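Working notes, beginning with the structure itself.
Just so it is clear, none of the values below were taken in a lab; they were calculated from the coordinates. Not measured: the values here are computed from a predicted model. Note that we place each Cβ from the backbone using ideal geometry, even for glycine, and neighbour counts take in every protein chain shown.
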Amino acid sequence: MTEAKAKLSFARISPRKVNVVCELIRGKDIEMATAILQHTPKAASEYLIKLVKSAAANAENNHGMDTSKLYVSAAYADAGMIIKRMRPRAHGRGYRINKRTSRITVVVKEKE
């Protein structure tokens, strides 16, 4: 069974925040997933809308799948690189601030 993927690396959002939104669209068809994401007030939904549309376009153009039968079979975010910054504190110390990034992947498949 063929599948189409879309990936985004170095997204400046924590993977924990992205996975909350990924759970909403996993297993849904493409139209339902985009409708859910458009009405979800989370920052991760903007990234995921683009990825779902990109994965659907990849399925149509690269694999010849029918877009009306597509559904989101997998959507997940892994930890990317961490941008490390320092915050000055008392007595000359410095506390570390970790600015986390994500590698977001959306996989679509065709219904049987």
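Data for the structure
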read-out	value
Size of electric dipole in the chain: Cβ of Lys, Arg +1 and of Asp, Glu -1, about Cα centre, debye, nearest 20	1280 debye
Alpha carbon centroid spacing (whole Å) that separates the range 1-48 from the range 94-108	15 Å
Structure-based [θ]222 nm, the chain - -39500 (n - 2.57) summed over DSSP H runs of at least 4, per residue, nearest 500	-11500 deg cm²/dmol
Given charges at Cβ of Lys, Arg, Asp, Glu: the chain dipole, positive-most of Ala33, Ala56, Met81	Met81
Of [x] -0.55, -0.79; [y] -0.40, -0.69; [z] -0.57, -0.86, the label for log10 I(q)/I(0) by the Debye sum over Cα atoms at q = 0.11, 0.16 Å⁻¹ derived from the coordinates	[y]
Longest site-free stretch - the chain; sites: trypsin sites (Lys or Arg not before Pro), DSSP loop, at most 14 other Cβ within 10 Å	13-88
Relative contact order of the range 3-110, defined on C-alpha pairs under 8 angstrom at six or more residues apart (%)	42 percent
Cross-link partners of Lys84 among lysines (Cα-Cα below 18 Å; sequence separation of 8 or more within a chain)	Lys99
Reachable aspartates and glutamates, given that their alpha-carbon falls under 18 Å from the alpha-carbon of Lys28 and they are not under 8 places away in the same chain	Glu3, Glu46, Glu60, Asp66, Glu110, Glu112
